[in-house]
Amino acid sequence: MSPRNILFPCLGLAASAVAQDEQRPNVIFLMADDLGYGDLSCYGATRVSTPNVDSIARNGIRFTDCHAVASTSTPSRYSVLTGEYCFRRTGTDIAAGNAGMIIKPEQYTLADVFQSAGYRTAAIGKWHLGLGSESGKQDWNAELDWTPRDIGFDYHYLMAATADRVPCVFIEQGKVENHDPSAPIFVSYNQNFDGEPTGKNNPELLTKLKASHGHDMSIVNGIGRIGFMKGGGKALWRDEDLADSMIVKSIKFMAENKERPFFMYLCTNDIHVPRYPADRFRGKSPMGLRGDAILQFDYTVGRIAAALDSLGIADNTLLVITSDNGPVLDDGYQDQAAELVGDHKPAGPWRGGKYSAFEAGTAVPFIVNWPARIKEGKVSDALVSLIDNIGTFAALVGVEVPLGQAYDSKNYLSTWLGDDEKGRDFVVEMAQARGLSYRTKDWKYIEPMNGSPVQRLTGIETGYSPVPQLYNLADSKFEGVNVYESHQAVANQLREELEELRLMKSSKSQ
């Protein structure tokens, strides 16, 4: 672990403020992975039921126009934790499992907000923001030098990247959980290790899931992965146990900190590939493994809610439920997600999906529940963005964000708590191709970008086009008609506002 080499001038003031106000809520930011806007029954799903999420929504604020900053995981999560648009920094694309830590120790983070206010902080579940100080140089058999402890998290229990990428082990407090000295771990994203089977060469070993595209490198738990890995032994995870492992660690952290305020960044894996939930969920949905994974996600929400009740801290806990980006069906495994989807609409009314510049890439569920403060459930159509986590939560706990940090994050606490309906004037969305869209309440401008209009492997409409696009969302949420030619004045205004925003940089981005 490296020493934190940053000093934030407001920290002492914030910590003293906590002592004067014992009613500050615990905060749980629960982020699903690849969960679509239409994947929850409270957002209109009928082929799958999510009663636990529905209950949280029914007694909180359910937002109908919330957006992640990017349509893929790593850049979306980067913006959530730093308050900086991912397009401002290179190296925020989808990270390999052996990527070095993308958020640097000198950056101010969402965890810093809470830690400086006297909260205990934890990051549990999917990480996908890199570990260690240097890509490809981690020693997975020793303590990692850079970890979430260096960016404000007191405790972490993490998947290094995603379930479809090696290393397939949990990292707890900088070390591999259950490390097996008899099976030292080696990871490469360049070449395989001598004698190690792969999904490509040894398909007979793919006993649980077979690949539809990619995912044919190292085999762990009968499933092919991205990247090459050797060793692991008893430290290797079972995909069936991922959700339960995260639940156990989450409840333990909550129980240990029930007497003081805590912040938990809990990131589930369920809906992300490979989808292979616990035995008790498999076969329970008509939509196959993807539907089963949604049921497992709902179960996780229920377990967290039940633990809050049993610990006596539910009333004063602010719980946010959201997703990192939009949905995808065939994302590399033969799990029949596309064949069994039926009339279910994972993206709800939106066009596109994960990876896309269209709205379904970033339009995500967003639910805020805080029984002590939100007394009556409601639905809000305010335009909101996950870029505002730092600005909003800093206002919640009375912390002043240091000058030049979290530059793009603003305070929308009154909107998130349902006190006003205005929300943002605009949101910015980044597609996988790193092209940007600029969205107001009624209009969406998509800048020209290179790439195929349909992603070959997933079949998702990307929205990439060499010509500008403008859509009137007041007429239809589905971006069906490009009205750029007939509304050039509107398009030019949005383009100019986007360019002005692009040129504005925080001191940490210059």
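Data overview
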quantity: Sole exception among (1) closer than 25 Å to residue 250 by Cα; (2) in a loop (DSSP other than H, G, I, E, B); (3) open to solvent by 20 Å² or more (accessible area, probe 1.4 Å) for residue 309, by number; calculated: (2)
quantity: Close pairs (8 angstrom Cβ cut-off, 6 or more residues apart or separate chains): within 15 Å of residue 92 (Cα to Cα) in segment 128-145, of a type in the set (S, T, N, Q) and modelled with pLDDT of 95 or more anywhere; calculated: 128/73; 128/74; 128/162; 129/74; 131/138; 131/147; 135/98
quantity: Pair list, Cβ < 9 Å and 6+ apart or interchain, from segment 458-481 residues that are over 15 Å from residue 439 (Cβ atoms) and free of Cβ contacts under 8 Å to residues at least 24 places away in the same chain to residues that are open to solvent by 20 Å² or more (accessible area, probe 1.4 Å) and among the acidic types (Asp, Glu); calculated: 481/475
quantity: Any pair with Cβ under 6 angstrom, 6 or more apart, that starts in segment 289-300 at a residue that is at negative phi and at pLDDT 95 or above and ends at one that is β-branched (Val, Ile, Thr) and outside any helix (DSSP H, G or I); calculated: 291/48; 293/271; 294/48; 297/268; 298/50; 300/268
quantity: Residue 246 being surrounded by 17 or more Cβ atoms within 10 Å (Cβ to Cβ) and either in a loop (DSSP other than H, G, I, E, B) or more than 24 Å from the chain's Cα centre (by Cα) (or both); calculated: no
quantity: Output for segment 413-441, where each listed residue is in contact with a Gly (Cβ under 7 Å, 6 or more places away or on another chain) and open to solvent by 10 Å² or more (accessible area, probe 1.4 Å); calculated: 433
quantity: Segment 486-496, residues that are more than 29 Å from the chain's Cα centre (by Cα) and open to solvent by less than 90 Å² (accessible area, probe 1.4 Å); calculated: 486, 487, 488, 489, 490, 491, 492
quantity: Residue check for residue 285: hydroxyl-bearing (Ser, Thr, Tyr), surrounded by fewer than 23 Cβ atoms within 10 Å (Cβ to Cβ) and in contact with a Lys or Arg (Cβ under 8 Å, 6 or more places away or on another chain); calculated: yes
quantity: Members of segment 194-217 found to be surrounded by 16 or more Cβ atoms within 10 Å (Cβ to Cβ), more than 25 Å from the chain's Cα centre (by Cα) and among the hydroxyl-bearing types (Ser, Thr, Tyr), listed by number; calculated: 198
quantity: Unmet requirement for residue 125, which otherwise passes all of (1) open to solvent by 10 Å² or more (accessible area, probe 1.4 Å); (2) in contact with a strand residue (DSSP E or B) (Cβ under 7 Å, 6 or more places away or on another chain); calculated: (1)
quantity: Segment 266-288: number of residues that are among the hydrophobic types (A, V, I, L, M, F, W, C) and free of Cβ contacts under 8 Å to residues at least 40 places away in the same chain; calculated: 2
quantity: In segment 462-480, the residues that are touching a Pro at 6+ places or on another chain (Cβ under 7 Å) and either open to solvent by 70 Å² or more (accessible area, probe 1.4 Å) or among the small types (Gly, Ala, Ser) (or both); calculated: 465, 466, 467, 477, 478
quantity: Lone unmet requirement of (1) open to solvent by 50 Å² or more (accessible area, probe 1.4 Å); (2) on the phi < 0 side of the Ramachandran plot; (3) in a loop (DSSP other than H, G, I, E, B); (4) touching a helix residue (DSSP H, G or I) at 6+ places or on another chain (Cβ under 9 Å) for residue 483; calculated: (1)
quantity: All positions within segment 452-480 that are touching a helix residue (DSSP H, G or I) at 6+ places or on another chain (Cβ under 9 Å), among the hydrophobic types (A, V, I, L, M, F, W, C) and within 25 Å of residue 332 (Cα to Cα); calculated: 460
quantity: Qualifying helices (runs of 4 or more DSSP H) (wholly inside segment 1-82; at least 1 residues being open to solvent by 30 Å² or more (accessible area, probe 1.4 Å), under 24 Å from residue 112 (Cα atoms) and at pLDDT below 95); calculated: 11-20
quantity: Which numbered condition residue 504 misses (of (1) within 24 Å of residue 382 (Cβ to Cβ); (2) modelled with pLDDT of 95 or more); calculated: (2)
quantity: Residues within segment 453-473 that are closer than 16 Å to residue 360 by Cα and assigned to a loop (DSSP other than H, G, I, E, B), tallied; calculated: 9
quantity: Residue 173 closer than 22 Å to residue 332 by Cα and of a type in the set (S, T, N, Q); calculated: no
quantity: Which listed residue, of 410, 375, is without any contact (Cβ under 8 Å) to a residue 12 or more places away in the chain and open to solvent by 40 Å² or more (accessible area, probe 1.4 Å); calculated: 375
quantity: Matching residues, segment 98-110, being small (Gly, Ala, Ser) and surrounded by fewer than 24 Cβ atoms within 10 Å (Cβ to Cβ); calculated: 100
quantity: One residue from 152, 136 being crowded, with 22+ Cβ neighbours inside 10 Å, touching a strand residue (DSSP E or B) at 6+ places or on another chain (Cβ under 8 Å) and at positive phi; calculated: 152
quantity: Scope segment 201-233; condition assigned to a loop (DSSP other than H, G, I, E, B), free of Cβ contacts under 8 Å to residues at least 40 places away in the same chain and touching a strand residue (DSSP E or B) at 6+ places or on another chain (Cβ under 8 Å); matching residues; calculated: 202, 206, 216, 222
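To keep it simple, each residue is scored yes or no on (1) over 23 Å from residue 216 (Cβ atoms); (2) open to solvent by less than 40 Å² (accessible area, probe 1.4 Å); (3) hydrophobic (A, V, I, L, M, F, W, C).
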| site | (1), (2), (3) |
| --- | --- |
| 257 | yes, yes, no |
| 275 | no, yes, no |
| 278 | yes, yes, yes |
| 291 | yes, yes, no |
| 323 | yes, yes, no |
| 326 | yes, yes, no |
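The values are calculated or read from the model by the stated rules, or taken from the named source; none is laboratory data. Here the structure is a predicted model, which is why all the values come from computation and not from measurement. Neighbour counts are summed over all protein chains in view; Cβ atoms, including those assigned to glycine, are modelled from backbone coordinates with ideal geometry. Each accessible area value is taken on the protein alone, full model and side chains, heavy atoms only, with ligands, DNA and RNA left out. Shrake-Rupley method; radii C 1.70, N 1.55, O 1.52, S 1.80 Å.
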